[in-house]
Structures are given as C-alpha cells and as structure tokens.
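A.B. asks: Got a structure for you, questions after.
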Amino acid sequence: MNQDKEVHLETKIMKKIKDEKINFRSKYVFLAQKLGLEGGLVLSLLLAILFLNLAFFTMKISGSLEFLSFGMIGILAFLESFPYHWILMGLIFFVVASTILSRYDISYKKPFKKLLAVLLLLIFVASTALAISGINEAMEEKVAQGKIPLLRSFYGRGRGIWKNSLVGEVIEIRSGGLVVETRHKQKVFIELTKNTFFPTGSDFKVGERIRAVGKWDGE
C-alpha cells in the first residue's frame, strides 16, 4: 500500500515537471541568495554599529547628559542636542539585521528573543568601543580640513551651538563674562550675571571646555 502511494506521488511529481509547473533552480542561484543574505546581514550590522557609534560620539562632544544638571532649561537643552537621527538610523539597521537573521536556521533552533538580545549587545559593545577609540575625533578633524568631504554629513553636524545652549572652549575671560569658541571656530560671548547658576563652580580658566545654557541676546 505504501509502495503504491510512493509510486503515485512520484508519477504526480514527474507530471508536474513535464507540465513545467516545477522549475529547477541552478545551484548558483541558491549560492547567490545565500551570499546575498550573509552580505546583507554583515552590512546591516556594520551600519547599525556605525550609526550608534555616531550617536555616542555626538553625545560625548555635546555633553548632552551634563546639560541635565542645569534643571528644567537643561532638560530642554538635552532634548535639543540629543542625536535622534543617528539613534533612528541605528535602530532601522538593527531591525533589518534582525529580519535577515530570522531567515537562518539558527533562528528556529534557538529562542529568537535571545538571539536578538545577543545581536543588540554585540552592536552596543562594538559601537561603544568605536566611540571611545578616538577614530571619530580623527575623522572629524580630517573632515574639518576638507580631506574627506564625503563624510561631511556624518561629522559636520556637531556645531556646538543650539537654540538654548552651547559647548565650547574658554579663550578669554572678561570682567562681565567669557568668550567661548566652539568646535567650528565660532566665537560667542557669555554674559555672567548675579543670577547665573554654576553647577560645577565659577573658577573658569582659559582652555577649559564648558557647557552653557541660557537665552541668546542679539545675533
């Protein structure tokens, strides 16, 4: 009985092949698909790491977290300087990498949530290591010198000046305030009054890097 079923099934399959309802694919097609998936996974992971690294670097040079010590206006400065675009791009490529990973056999053999957790940890550790390696600073310096114009969109955003805050280096101390220079050589005078709040003290020195939150007066 079982033999009859096997013969019948074989006949049915052969009939479909003859009717061209079943098409055989070349092994090269399968190889290309496999390489495409692997390449897509690696590229997505690298881009997720790159963009999260840029987010960490932007927060580092802007001192976003340190703005929180200024109270409510500091929260506004934090929200304004937070690198939403890099976080979003990193998240998009993490989702792409996760989707590609779900096509592999390992996603069925292991709990997929654990695989995602490992993937996220890998991206976080790699991007953190890249952010503290000093590569970003070197790349930004080369971009500022015009040596790598293609990377200007990646390293040309950290102006150091926002609507309610700025980050820069003290280059001159005056009786009524400080002259600060941003990373992109913009000079700003910060007026100090009796109402000025100093979270870390007011003993400023030339060459010191500071963060200021307040209101703009004029240009």
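The values are calculated or read from the model by the stated rules, or taken from the named source; none is laboratory data. As the structure is a prediction and not an experimental result, all values here were calculated from the model. When we count neighbours, we look across all protein chains shown, and the Cβ atoms used for this are built from the backbone with ideal geometry, even at glycine.
A.B. asks: Give the residue, chosen from 183, 174, 211, that is closer than 23 Å to residue 71 by Cβ and basic (Lys, Arg).
C.D. replies: Details: 183 fails: closer than 23 Å to residue 71 by Cβ; 174 fails: closer than 23 Å to residue 71 by Cβ.
Criteria check complete, one pass: 211.
A.B. asks: Might you let me know whether the range 23-34 holds any residue that is in a helix (DSSP H, G or I), at pLDDT 60 or above, surrounded by 11 or more Cβ atoms within 10 Å (Cβ to Cβ) and under 26 Å from the mean Cα position of the chain (by Cα)?
C.D. replies: Checking the range 23-34: not a single residue is in a helix (DSSP H, G or I), at pLDDT 60 or above, surrounded by 11 or more Cβ atoms within 10 Å (Cβ to Cβ) and under 26 Å from the mean Cα position of the chain (by Cα).
A.B. asks: Go through the range 149-181 and report how many residues are at pLDDT 80 or above and not in a strand (DSSP E or B).
C.D. replies: Adding up the residues that qualify gives 2.
A.B. asks: Look at the range 172-187 and say how many of its residues are of a type outside the set (D, E, K, R), out of contact with any Phe, Trp or Tyr (no Cβ under 9 Å at 6 or more places or on another chain) and surrounded by 12 or more Cβ atoms within 10 Å (Cβ to Cβ). Can you show your working first?
C.D. replies: Initial filter on the range 172-187 (of a type outside the set (D, E, K, R)): 173, 175-180, 182, 184, 186.
Add one more test, that the residue is out of contact with any Phe, Trp or Tyr (no Cβ under 9 Å at 6 or more places or on another chain), and what stays is 175, 182, 184, 186.
From what is left, the residues that are surrounded by 12 or more Cβ atoms within 10 Å (Cβ to Cβ) are 182, 184, 186.
Total meeting the criteria: 3.
A.B. asks: For residue 92, indicate whether it is touching a residue at least 60 places away in the same chain (Cβ under 8 Å), surrounded by 13 or more Cβ atoms within 10 Å (Cβ to Cβ) and in the same structural domain as residue 50 (by TED's automatic domain parsing). Talk me through it step by step, then tell me what you get.
C.D. replies: Working: touching a residue at least 60 places away in the same chain (Cβ under 8 Å): no; surrounded by 13 or more Cβ atoms within 10 Å (Cβ to Cβ): yes; in the same structural domain as residue 50 (by TED's automatic domain parsing): yes.
Here the answer is no, as residue 92 does not meet what is asked.
A.B. asks: Another question about this same structure. Does the range 188-219 hold any residues that are loosely packed, with under 13 Cβ neighbours inside 10 Å and among the small types (Gly, Ala, Ser), and which are they?
C.D. replies: Matches in the range 188-219: 201, 202, 207, 218.
A.B. asks: Out of the residues in the range 96-117 meeting the condition of being of a type in the set (A, V, I, L, M) and exposed (fewer than 12 other Cβ atoms within 10 Å of the Cβ), tell me which one is modelled with the highest pLDDT. Show your work before the answer.
C.D. replies: Of the residues in the range 96-117, the ones of a type in the set (A, V, I, L, M) are 96-97, 100-101, 106, 115-117.
Then keep just the ones that are exposed (fewer than 12 other Cβ atoms within 10 Å of the Cβ); that gives 106, 117.
On the way: 106: 68, 117: 89.
By that ranking, first place goes to 117.
A.B. asks: State yes or no: is residue 78 touching a Leu at 6+ places or on another chain (Cβ under 6 Å), surrounded by 15 or more Cβ atoms within 10 Å (Cβ to Cβ) and more than 19 Å from residue 132 (Cβ to Cβ)?
C.D. replies: Details: touching a Leu at 6+ places or on another chain (Cβ under 6 Å): yes; surrounded by 15 or more Cβ atoms within 10 Å (Cβ to Cβ): yes; more than 19 Å from residue 132 (Cβ to Cβ): yes.
Yes.
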